[in-house]
Amino acid sequence: MTGSAKQYWPHLVMTTLIAIWSASFVATKVAQREVSAAGLVALRFWLAVVCLLPFLRGNGLAALRAAALPGVFAGTALATGYLLQMYGMTETSASMGGLLAGLIVPLVAVGGFLFFHARLGTLSVSGLLLALVGIVLICMPSGDDKATGTGDSLRGILLQVGASISYAGHVLLLSKYGRSAPIAAFAFVQLTFVAAVGTVAALLDGGLPATPGRPIEWHTELVLAIAYLGVFATAVGIGVQSKVQHKVPSTHLALLFALQPLFAAVCGWAMLGEELSALQLLGGAGIVGGVVITSLDKQGR
């Protein structure tokens, strides 16, 4: 592999991960036909924990002890994000979920300024304001919702905005602890913590079935959706992200994450036949534009 290829190999890996995460919004909608929001968090994360077990060989208890506290901190942000997003996804489309996930990058810029003394330049502020305008447009009611089948509720949208805030916190915690904590143990503690929280939430919320009292129908489509979420979107996604993300410059990373709303909208349209109103598309463009503008601010790096 040439020097140039090695330089951009992490970019390709992160782009692949972003595409995987974008398609996970569709898999989530499929799985939620049978599985509750909290139950889906529990199932996908316990499956991810099982996938990571082989990578703990040779790490030992010392690595787990070193990763325990950072893993719980990061896991708390991750668990909050996933629970809010899963509950929000029960009331929004996959396309909407992907658009709102684009808020993570501007929020990371603000979080870096508030908690890690990073500089917040004019472009970062402008990008955040543009993204906020995009949220307002997305939240505006549309008479086309029943016709298009999107059914995006204000509560669902706000829950996913809260999820993006939690995910931004997770990204900041990864930047803080990711370089020093043992990678496999760090990821394992996070995944186990989220799986446990999801299990407790599911028990408190009526169990695994989407409809309490009605058993889950384990058909092939459901099994494949959960396998995709647990293995690719969670175990592979979080594990590889912890290892590769710090190798991509922050500006490049933000631009790559700007692709997620686009990928998610395309997946929702192609696989579920979802559509967004003109105002919602304009709002989505505002979020993507805010992400791109924020990523160009060199003062925030």
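The values are calculated or read from the model by the stated rules, or taken from the named source; none is laboratory data. On a predicted model such as this, the values are computed, not experimentally measured, just so you know. Cβ sites come from the backbone with ideal geometry, for glycine too, and all protein chains shown count toward neighbours.
Key figures
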| quantity | calculated |
| --- | --- |
| Some residue of region 18-36 being surrounded by fewer than 19 Cβ atoms within 10 Å (Cβ to Cβ), in a helix (DSSP H, G or I) and polar (S, T, N, Q) | no |
| Some residue of region 256-268 being touching a Lys or Arg at 6+ places or on another chain (Cβ under 9 Å) and either modelled with pLDDT of 70 or more or not in a helix (DSSP H, G or I) (or both) | yes |
| Given (1) surrounded by fewer than 21 Cβ atoms within 10 Å (Cβ to Cβ); (2) touching a Ser or Thr at 6+ places or on another chain (Cβ under 8 Å), index of the condition residue 8 fails | (2) |
| Residue check, residue 47 touching a strand residue (DSSP E or B) at 6+ places or on another chain (Cβ under 7 Å), in contact (Cβ under 8 Å) with a residue 60 or more places away in the chain, surrounded by fewer than 24 Cβ atoms within 10 Å (Cβ to Cβ) and assigned to a helix (DSSP H, G or I) | no |
| Number of the condition not met by residue 240 [criteria: (1) in a helix (DSSP H, G or I); (2) among the aliphatic types (A, V, I, L, M); (3) at pLDDT 85 or above] | (3) |
| Some residue of region 64-81 being surrounded by fewer than 21 Cβ atoms within 10 Å (Cβ to Cβ), free of Cβ contacts under 8 Å to residues at least 40 places away in the same chain and part of a helix (DSSP H, G or I) | yes |
| Qualifying residues in region 111-127 (those that are part of a helix (DSSP H, G or I), surrounded by fewer than 21 Cβ atoms within 10 Å (Cβ to Cβ) and not polar (S, T, N, Q)) - the one modelled with the lowest pLDDT | 116 |
| Considering residues of region 201-222 that are out of contact with any helix residue (DSSP H, G or I) (no Cβ under 8 Å at 6 or more places or on another chain) and β-branched (Val, Ile, Thr) only, the residue nearest to residue 239 (Cα to Cα) | 220 |
| Subset of region 82-102 [small (Gly, Ala, Ser) and outside any helix (DSSP H, G or I)] | 93, 102 |
| Any hit, region 74-85, residues being at pLDDT below 90 and either within 18 Å of the chain's Cα centre (by Cα) or within 25 Å of residue 270 (Cβ to Cβ) (or both) | no |
| Selected residue [within 17 Å of the chain's Cα centre (by Cα) and small (Gly, Ala, Ser)] from 38, 68 | 38 |
| Pair list, Cβ under 8 Å, 6 or more apart: region 194-209 residue at positive phi, other residue of a type in the set (Gly, Ala, Ser) | 206/36; 207/36; 207/39 |
